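**Student:** Let me give you the structure first, and then I'll get to my questions.
Every number here is computed from the coordinates shown, using simple stated rules; none is lab data. As the structure is a computational prediction, the values presented were derived from the model and not from experiment. All Cβ positions, glycine included, derive from the backbone under ideal geometry; neighbour counts span all protein chains shown.
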Amino acid sequence: MLTEIQCRNSACPPDKARARFTDAGGLYLEVARTGSKRWFWKFRQNNKEKRLALGSYPDTTLKAARFARDDARRIHAKGVDPVQQRQMEKATARVNSGNTYEAVAREYRQHKEREWSAAHGDKWLRMQELNLFPYLGALPVADIPPMLMLDTIRRVEKQGKHETAHSMRQYAGQVFRYAIATGRATNDPTAPLRGALKAVLVRHMAAVLTPPEAGHLLRDIDIYKGSPVTREALLLSAYTFQRPGEIRQMEWAEVDLEQALWTIPAIKMKRRKQAKINGRPHLVPLAQQAVECLTRLKPLTGHHKYVFPSLLGEGRCMSENTVNTALRRMGYDNETMTAHGFRAMARTLIVENLDFPPDVIEAQLAHGKSGPLGMAYDRAQYMEQRRDMMAKWADYLDKLRAGADVVQLRA
């Protein structure tokens, strides 16, 4: 029987490639000429001598090697070849390493790359990396039970992030359904969780929604003491009611002042990736007042790419916080009015005070048609009706600003 001191002092004679130092029960320490030391257990299977590697010394001590030998002997006593069992375990581990929740999720993200926009794909993966991978990532996707899924989601729900919790369930469900489709799982543990999460209370973007409030807002914009470029951004937000990102990324090359038309490329629109690539541009007819805003801006920013360039460097557009910051300086807090609120303001006041069909308003807002075939077959853009609506909307805003009826004198 070996001792720990003998193991430590064992060495291979210089005239041999390796030497064996026997313990008991088939266990021995093999020492190579290079000085490496490895434990092996010798046994017979089907009348053939075989050996099982048990680890390297001193990482695997003499005591640990004896325990490993005894475990292998118990397996062998059942008629199982310990070497074959280890090979099967390694193969299973290799398969499982590709079937962990994280591995399947990343594969699914790559599978959806052509379909998803880059922004959505990044958001989806960031949600997984922050909230799901730390707790589920290393587990086989087929072995995750509903209770563990619920416990993971409730870590976020307890922080008051109810919308994030529901997104986690949705995103995880996509991974499990993909795992089922590719034969790596048989059930979706997110399915039983419907109703187990706290409901999300939808909070709409803050906006002024009455004519007196809108008139007061426009008068505040008129006397805004900040940058004149920011002031025009506020006015164009009111006159065109396009999304804040589309307004601040407006380029002079997209604007035709003579035709009073702003053409927003499909790639800039809030659409699915397929629609961004193959969809039509969004045409925004400009009222005379909007054209006047752009005419005032031309001497200020006409030499830039963007109508609203950033002050931080050439080639960048205005920050997404600029308009909201201007509203804060004017006294409108985040519960009263936001840059996105101009859209809600226009949608509400046009419905209540101007006689235009909802489809015309929705077309100007660039809202997609409902139903799977809505956008494919309904290609009406209502351009003439929208031109009329935008002109009357701008006149209506001027009336609210003045606090009385205003007669527009046009050339």
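**Student:** What is the dipole size for the range 4-97, taken about its Cα centre, with +1 at each Lys and Arg Cβ and -1 at each Asp and Glu Cβ, in debye to the nearest 20? Show your work: numbers first, answer last.
**Tutor:** On the way: 21 positive and 10 negative charges, 41 e Å.
Roughly 200 debye, rounded to the nearest 20.
**Student:** Can I ask one more? Which entries of Lys50/Lys90; Lys37/Lys78; Lys112/Lys305; Lys48/Lys78; Lys298/Lys399; Lys305/Lys399 have Cα-Cα distances beyond 22 Å here?
**Tutor:** Values: Lys50/Lys90 19 Å; Lys37/Lys78 30 Å; Lys112/Lys305 33 Å; Lys48/Lys78 17 Å; Lys298/Lys399 26 Å; Lys305/Lys399 33 Å.
Distance filter (> 22 Å) returns Lys37/Lys78; Lys112/Lys305; Lys298/Lys399; Lys305/Lys399.
**Student:** What does the C-alpha gyration tensor say about the overall shape of the range 211-402? Classify as rounded when a/c is under 1.5, otherwise prolate if a/b is larger than b/c, or oblate. Numbers along the way, then the final one.
**Tutor:** On the way: a/c = 1.58, a/b = 1.18, b/c = 1.33.
Verdict is oblate for the range 211-402.
**Student:** Relative contact order, percent, of the chain when contacts are C-alpha pairs under 8 Å separated by at least 6 residues?
**Tutor:** Working: 490 pairs, mean separation 47.5, N = 411.
Relative contact order here is 12 percent.
**Student:** Which residues make up the longest stretch of the chain that has no GluC sites (Glu not before Pro) in a DSSP loop with at most 15 other Cβ atoms within 10 Å?
**Tutor:** Working: sites that count: Glu113, Glu115, Glu258, Glu314, Glu320, Glu335.
Longest run free of exposed loop sites: 116-257.
**Student:** Defining a contact as two alpha carbons under 8 Å apart and six or more residues distant in sequence, what relative contact order in percent does the range 102-193 show?
**Tutor:** On the way: 73 pairs, mean separation 29.2, N = 92.
Relative contact order for the range 102-193 comes out at 32 percent.
**Student:** As a test, work out the antiparallel percent of DSSP beta bridges whose residues both lie in the chain, rounded to the nearest 5. Intermediate values should be presented prior to the final figure.
**Tutor:** Working: 28 of 28 bridges.
Of those bridges, close to 100 percent are antiparallel.
**Student:** Let me ask something else. Note down the magnitude of the dipole of the range 211-402 about its Cα centre, charges +1 on Lys and Arg C-beta and -1 on Asp and Glu C-beta and zero elsewhere, to the nearest 20 debye. Numbers along the way, then the final one.
**Tutor:** Details: 27 positive and 23 negative charges, 139 e Å.
Its charge dipole is roughly 660 debye.
**Student:** What is the gain in length, in nm to one decimal, between Ser227 and Asp359 on full extension, counting 0.36 nm per residue of separation less the C-alpha to C-alpha distance?
**Tutor:** Details: separation 132, 0.36 × 132 = 47.52 nm, distance 3.60 nm.
Using 0.36 nm per residue and subtracting the Cα-Cα distance, I get 43.9 nm.
**Student:** Using a 7 Å offset from the Cα along the Cα-to-Cβ direction at both Leu300 and Lys50, what is the distance between the two label points in nm, to one decimal?
**Tutor:** 8.2
**Student:** Oh, and also: Given that just one value was derived from the coordinates, which of [x] -0.65; [y] -0.77; [z] -0.84 is log10 I(q)/I(0) by the Debye sum over Cα atoms at q = 0.10 Å⁻¹?
**Tutor:** The calculated read-out lines up with [z].
**Student:** Once label points are set 7 Å from the Cα along Cα→Cβ at both Leu209 and Leu261, what is their separation, rounded to one decimal in nm?
**Tutor:** With each label placed 7 Å out from Cα toward Cβ, I get 3.5 nm.
**Student:** Mind checking the full-extension length gain between Gln159 and Arg177? Use 0.36 nm per residue of separation minus the Cα-Cα distance, one decimal, nm.
**Tutor:** Details: separation 18, 0.36 × 18 = 6.48 nm, distance 2.75 nm.
That pair, Gln159 and Arg177, stretches by 3.7 nm at full extension.
**Student:** As a test of the formula, what do you get for the chain when each DSSP H run with n ≥ 4 contributes -39,500 (n - 2.57) and the sum is divided by the residue count, at 222 nm and rounded to the nearest 500 deg cm²/dmol?
**Tutor:** On the way: 18 runs with 198 residues, N = 411.
My calculation for the chain gives -14500 deg cm²/dmol from helical runs alone.
**Student:** With labels modelled as points extended 7 Å from the Cα through the Cβ direction, what inter-label distance (nm, one decimal) is found for Asn187 paired with Gln110?
**Tutor:** Between Asn187 and Gln110, the label points sit 3.0 nm apart.
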